[in-house]
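Asker: If you scroll down you'll find the structure; I have some questions about it.
The values are calculated or read from the model by the stated rules, or taken from the named source; none is laboratory data. Being a predicted model, the structure only gives us computed values, none of them experimental. Glycine gets a Cβ as well: all are built from the backbone with ideal geometry, and neighbour counts include every protein chain shown. With ligands, DNA and RNA removed, areas are computed over all heavy atoms of the protein, side chains included. Shrake-Rupley method; radii C 1.70, N 1.55, O 1.52, S 1.80 Å.
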Amino acid sequence: MNNSTLIQYLPIAIMFLIAVAFVVVTMVASHLLGPKKYSKVKYNVFECGVHSEGNARNPFAVKYFLTALLFVLFDVEVIFMYPWATNFKELGLFGVIEVLTFSLLLLVGLYYLLKKDVLNIRD
Amino acid sequence: MLGLSVHQWLFGILSFLAVLFSLMVVFSRSPINSVLYLIMSFFSISGIYLLLDAQFLAVVNIVVYAGAIMVLFLFVIMLMNLNHDTEPQRTVLTKIIAGIIGGMLLLVLTSVLKGSSALNKSFYGTSEVGLIKNLGNVLFTEFLFPFEIVSVLLLAAMVGAVMMGKKNIN
């Protein structure tokens, strides 16, 4: 990467700076401008409903984690489709066959998941 | 500025941030803070990827690692039931063993990288090799077989996750 391509990243750098600056400015401004009133009701976790009990460190079922994990796997699959999509015309039918074999193997996995009832998080 | 180019300045800043945030991951008391520092570390590493002409890798690093994998890390921390009374005590012995193992890994990595010829190359070319179009061109012609193997790897990960995570497989 030379200096001319480096200039191309300037808008991204500015975007990052604005994003960070926005967070900092809003947090500082809300601290400075907001009224500071302490009341027990205000600092309660929930203002209505059931009172909170114990701490938040309760382990939950692993099936939610499994769903998230499987999402990441299919996320990676989609990422491999980006280079194909940008080269779609150059690769032609060959590329279609390649990605079809790639996707078919993962579709087998999806069929396996549906058969094993992994994606059903209701029970 | 000090005889260094813009690239060297950027590389210096980004690598300093990457090392700093990695140290914060190790030294911060709360595991949630560790994960957040790790995300910052991944962002710095993505910046280094950009300097090395690996644009696609930089974006994927943010999307997959900083986005999805770190959410999984948070999930794992939530799953672990880290109450103070149930937290495993880290004795001096385990700290020493961890230090020795980490030091040996560092030794192996530096000795491998020291002899590598890739370090002598100047990476700051004018290539656009890491752009998604060029990468796709190579991936779908020259590295066709590894690409197809990736799907098998993903399938294996899928089956492995189900085998370990599901209690009663019917």
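Asker: Pairs, please: C-beta under 6 Å, at least 6 apart or cross-chain, first residue open to solvent by less than 90 Å² (accessible area, probe 1.4 Å) and in the stretch B:10-34, second of a type in the set (S, T, N, Q) and modelled with pLDDT of 90 or more?
Answerer: Cβ pairs passing all conditions: B:LEU14/B:SER44; B:LEU17/B:SER44; B:ALA18/B:SER41; B:ALA18/B:SER44; B:PHE21/B:SER41; B:SER22/B:SER41; B:VAL25/B:SER34; B:SER28/B:SER34.
Asker: Just checking, which of A:LEU114, A:LEU100, A:LEU93 is free of Cβ contacts under 8 Å to residues at least 60 places away in the same chain, of a type in the set (A, V, I, L, M) and more than 21 Å from B:LEU154 (Cβ to Cβ)?
Answerer: Just a single option satisfies the conditions, and that option is A:LEU93.
Asker: Residues to consider are B:PHE43, B:PHE27; find the one that is of a type in the set (Phe, Trp, Tyr) and farther than 30 Å from B:ASN134 by Cβ.
Answerer: Checking each option against the conditions leaves just B:PHE27.
Asker: Could you list, in sequence order, all residues of the stretch A:97-111 that are of a type outside the set (A, V, I, L, M, F, W, C) and farther than 12 Å from A:PHE74 by Cα?
Answerer: The initial filter retains those residues of the stretch A:97-111 that are of a type outside the set (A, V, I, L, M, F, W, C), namely A:98, A:101, A:103, A:109, A:111.
Listed by number, the residues that qualify are A:GLU98, A:THR101, A:TYR111.
Asker: Tell me, yes or no, whether the stretch A:90-107 has at least one residue that is farther than 17 Å from B:PHE147 by Cβ, open to solvent by 30 Å² or more (accessible area, probe 1.4 Å), assigned to a helix (DSSP H, G or I) and out of contact with any Lys or Arg (no Cβ under 9 Å at 6 or more places or on another chain). Before the answer, list the steps.
Answerer: So in the stretch A:90-107, the residues farther than 17 Å from B:PHE147 by Cβ come out as none.
No: zero hits.
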